[in-house]
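One structure is given below, encoded as structure tokens.
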Amino acid sequence: MGKQMTEMLKGTLEGIVLATLAVQPAYGYEITARLREQGFSDIVEGTVYALLIRIEQRGLVDVEKVPSEKGPPRKVYSLNAQGGDYLEEFWKSWGFLAERIEQLHHQLEQPGHSNNTPNEGE
């Protein structure tokens, strides 16, 4: 994944994880695996775990400790009402941004439009 994609993902990963939890509660490794199945192949587990701590602290998810066959209990995260509200706002923001970016992209593809950017100072 390129640096530009990584930077864009940083700004949207919280919403992506909440959307994943809206489908079904999961523990950290499951979330990472689901994201990878969705094509986010370069997602690092540590990034997901750090994000889960932040969204738990902000009250966007409920956490239940579930016994594990191996090792300590697992924390299973589920989207709560506050997280659902946040996710709804995320989708509105995403829709707004995606629409504007698509409009800009479409304008740049119009015949006769130069893709050259002027040099600074001109």
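The values are calculated or read from the model by the stated rules, or taken from the named source; none is laboratory data. All figures in this text were calculated on a predicted structure; none of them were measured in a lab. Reconstructed Cβ throughout: ideal geometry from the backbone, glycine too, with neighbour counts over all protein chains shown.
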Practice task
Report whether or not Glu109 is out of contact with any strand residue (DSSP E or B) (no Cβ under 7 Å at 6 or more places or on another chain) and among the acidic types (Asp, Glu).
Solution key: yes
Exercise for the section: Only one of these is farther than 22 Å from Gly28 by Cβ, at pLDDT 90 or above and charged (D, E, K, R): Glu122, Glu64, Glu99. Name it. Expected result: Glu99
